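Q: I am attaching a structure below and will ask some questions about it afterwards.
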Amino acid sequence: MSGPGLPDTQLADAAPAEPGGAEWTDEDDRTPETLRWLRERRQAYRRQRNRDLAVTGYTLLLFAVGYGSTLGYRFVQRLGHLTAREETAEAVRRAFPAVLVLLACALAVFAARDALWRGPVLVPRHEVSWLLSQPVRRERVLRPAFRLTAALMTAGGVLGAVGCAVLLRLTGLAELGPALGLSLPAGVCLPLLAAALGLQVERSGRWARWVRALTPYAVLVLLLLAGQAALAATGRRSALLETVELWSGPWGWAAQPVLHATGGRAGSWPWAVVLLCAGTAAALVHAFAVAGTIPTRRLRARAATAATVASVLWSAELRAAKLAIGEALADGAAGPRRRLPMPRSRRLVVVWRDTVALLRAPGSVLSAALWTAAAAGTVGLAAALDGAARIASLAGALTLGWFAVGRLAETARLEADDIRRSAWSPYRLGALMVRHTLVPALVGGVLALLAAVPFAQQGGERALLLMPLCAPPFAAAAVVAAVRGPVRTDLLSLGLVTPAGDASVFVFLAWYATPFLTTVGSLTAAVGLSGVLDSGAHAGAVLRPVSAAVGLTSALLFAAVRRARKLHRQGS
């Protein structure tokens, strides 16, 4: 590829401008000519892209107004009724410090994990493969990418600050003007700090290794913050702990102005704003200084992963996108080669393989344990509520349990992705998939039993039965989802015209989420309507959840066998 002001011989002979490569002098620098030539060639593409973005934004706006206006109105009405009670408003005010710190820490964790596969400096594949190999200054190419990401994140942060101010006004905790002004420091500075953190993780292999190693502990901290917020809402606060959190870093500095707007204890909030702004400025200066030092191999890997994810998302292949991101997050590192003695009976070979797979991927078990702990906490909240709030909390707890057990069924998904992988098995595909439910159900049941121990110590002995009882249907539903076959994109074009628009997308979503909706919906109805969560419930109330779990597991296993047979016929 060549153009005006770009001699072919100089471009062909130039060495990559990457640290560790051959140096080129200022006489070889063709940065202004190259960028000017690219701008001229991209004009038509950018006009078409801007038109496409405008159409997409208009469509999303219509969707938000058409479907979101009614939901937003009902949410505002419900919120007004809840906060009209003084005890509810006081509970929200008590939990607010921990909630704000939780949101700020969650943003940092998300930015660090995102940088492992995409990052704030995302350069298109053609630019990585051609432009960076030319005699151009890397910072002139990479800094605009970082600047664009930082600007987009800041725009999102400002919108979040506006939403926070509106919520504070609706709940009666603060006036709109002061709430908006005091929320802006967090809305502007936290996204910029997250972008700077992501850049550091993207450019440094050591930082990336630390992020991978510390992610489970960071998730545990987030769960502890969520538990702290729940305890604070009930009146059990720790002033010392909140003070340490509010002064321990940017997550607390950003929270102090918002707390001051609500009348909280944040008397020195101007100093917190000064620290937050100074830290953000220093982080941005450092980020712009090192933006051009990201190795090309990392840029190339992230560009390839992002292109793969974008292409499969357009075809609704969420499984392929998840595999691409998971491979990038793992960075190709093999797990520990843990072994177990081979079983004497071939009937145990599937259980043996699934157990070895979990031993070699301990992160899956740890993730399942964290999801189970979150589910147990949500169940405790559901037991303290009544009516529709209890049903909603119970459904949320079962959803978390679904994710917990689903993390343990990866081997079934891998063999369902390509049925040729099941050639090793002495069983047919249907029988093989049934056996793949054993280890997830057993490990999930053990984790649920451990999570139920605190409930038993507080007098809820039935949790020792009910919580592990949910693991078998979740495992069976995970296998059903694994063998459902190729994505039915034809459902998106059924032409189901309704007064609210084409409903084909909802049919597709229903097909995709059938195992989840069936399992969570059935268990929610069985547990919620049986009254087993009531304090004075009789022993017979347990029969309905038990029978529902047994019947649901049997039906899901039958569906898994039928779908596996159909999948085998399609692959033959």
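Q: Helix-only mean residue ellipticity at 222 nm, the chain, DSSP H runs n ≥ 4 weighted -39,500 (n - 2.57), per residue, nearest 500. What is it?
A: Values: 25 runs with 414 residues, N = 572.
So the calculated ellipticity at 222 nm is -24000 deg cm²/dmol.
Q: Along the charge dipole of region 8-308, which of Thr171, Ala226, His81 sits closest to the positive end, that is, farthest toward it, with unit charges on the beta carbon of Lys, Arg, Asp and Glu (+1, +1, -1, -1)?
A: Farthest towards the positive pole: His81.
Q: From the gyration tensor of the Cα coordinates in region 8-308, what semi-axes in whole Å does the equivalent ellipsoid have, largest first, with each one equal to sqrt(5λ)?
A: Values: eigenvalues 366, 112, 53 Å².
Semi-axes, largest first: 43, 24, 16 Å.
Q: Just need log10 I(q)/I(0) for region 349-571 at q = 0.09, 0.10, 0.16 Å⁻¹, Debye formula, equal scatterers on the alpha-carbon atoms, no solvent, rounded to two decimals.
A: Normalising to I(0) and taking log10 leaves -0.40, -0.49, -1.08.
Q: Continuing with the same structure: Placing +1 on the Cβ of each Lys and Arg and -1 on the Cβ of each Asp and Glu in region 349-571, which of Gly377, Leu552, Leu432 has its Cα farthest towards the positive end of the resulting dipole?
A: With unit charges placed on the Cβ atoms, the residue in question is Leu432.
Q: To continue, here is another question. How many Å³ per residue does the convex hull of the Cα positions in region 41-130 occupy? Before the final figure, lay out each step's value.
A: Values: hull volume 12.5 nm³, N = 90.
Spelled out: Cα convex hull of region 41-130, divided by residues, is 138 Å³.
Q: Another question about this same structure. Which is the longest part of the chain that has none of the chymotrypsin sites (Phe, Trp or Tyr not before Pro) sitting in a DSSP loop with at most 16 other Cβ atoms within 10 Å?
A: On the way: sites that count: Trp130, Tyr427.
The reported range is 131-426.
Q: Something else now. Where does each of Glu86, Glu33, Glu245 land when they are ranked from fewest to most other beta-carbon atoms within 10 angstrom? Please list the in-between numbers first.
A: Working: Glu86 9, Glu33 15, Glu245 22.
Least crowded to most crowded, the residues run Glu86, Glu33, Glu245.
Q: Give me the net charge of Pro545's neighbourhood, meaning all other residues with Cβ under 15 Å from the Cβ of Pro545; Lys, Arg count +1, Asp, Glu -1. Don't jump to the answer; show the numbers that get you there.
A: Details: positive: Arg390, Arg462, Arg544; negative: Glu461, Asp534.
So the environment of Pro545 carries a net charge of +1.
Q: Rounded to whole Å and ordered largest first, report the semi-axes of the equivalent ellipsoid of region 381-502 derived from its Cα gyration tensor (root of 5λ). It would help to have the intermediate numbers written out before the result.
A: On the way: eigenvalues 205, 138, 13 Å².
Taking √(5λ) for each Cα gyration eigenvalue gives 32, 26, 8 Å.
Q: Starting from the alpha-carbon convex hull of region 130-249, give the projected area averaged over all orientations, in nm². Could you put the intermediate results ahead of the total?
A: Values: hull surface 42.4 nm².
Mean projected area for region 130-249: 10.6 nm², to one decimal.
Q: With helices defined as uninterrupted DSSP H runs, which ones in the chain have an alpha carbon span along their own long axis of at least 24 Å and mean Kyte-Doolittle hydropathy of at least 1.0? Please list the in-between numbers first.
A: Working: long enough: 31-63 (44 Å, -0.97); 86-114 (40 Å, 0.91); 138-170 (48 Å, 0.93); 176-203 (40 Å, 1.26); 205-233 (41 Å, 1.05); 269-290 (31 Å, 1.75); 296-314 (27 Å, 0.26); 362-384 (34 Å, 1.27); 388-406 (27 Å, 1.35); 438-457 (29 Å, 2.00); 543-571 (42 Å, 0.26).
Qualifying helices, which must be both long enough and hydrophobic enough, are 176-203, 205-233, 269-290, 362-384, 388-406, 438-457.
Q: Pop a pseudo-label 7 angstrom from the Cα along the beta-carbon direction at both Ala330 and His81 and give the gap in nm to one decimal.
A: 4.9 nm
Q: Once you put a point 7 Å from the Cα of Phe63 and another 7 Å from the Cα of Asp534, both along the Cβ direction, what distance in nm separates them?
A: For the pair Phe63/Asp534, the computed spacing is 4.3 nm.
Q: In cubic angstrom, how much convex hull volume per residue do the alpha carbon atoms of the chain span? Walk me through the numbers on the way to the answer.
A: Values: hull volume 117.0 nm³, N = 572.
So the per-residue hull volume is 204 Å³.
Here, each number is a calculation from the coordinates, and none is a lab measurement. Since the structure is predicted, the reported quantities are computational estimates derived from the model, not experimental observations. All Cβ positions, even for glycine, are placed from backbone atoms using ideal geometry, and neighbour counts span all protein chains on display.
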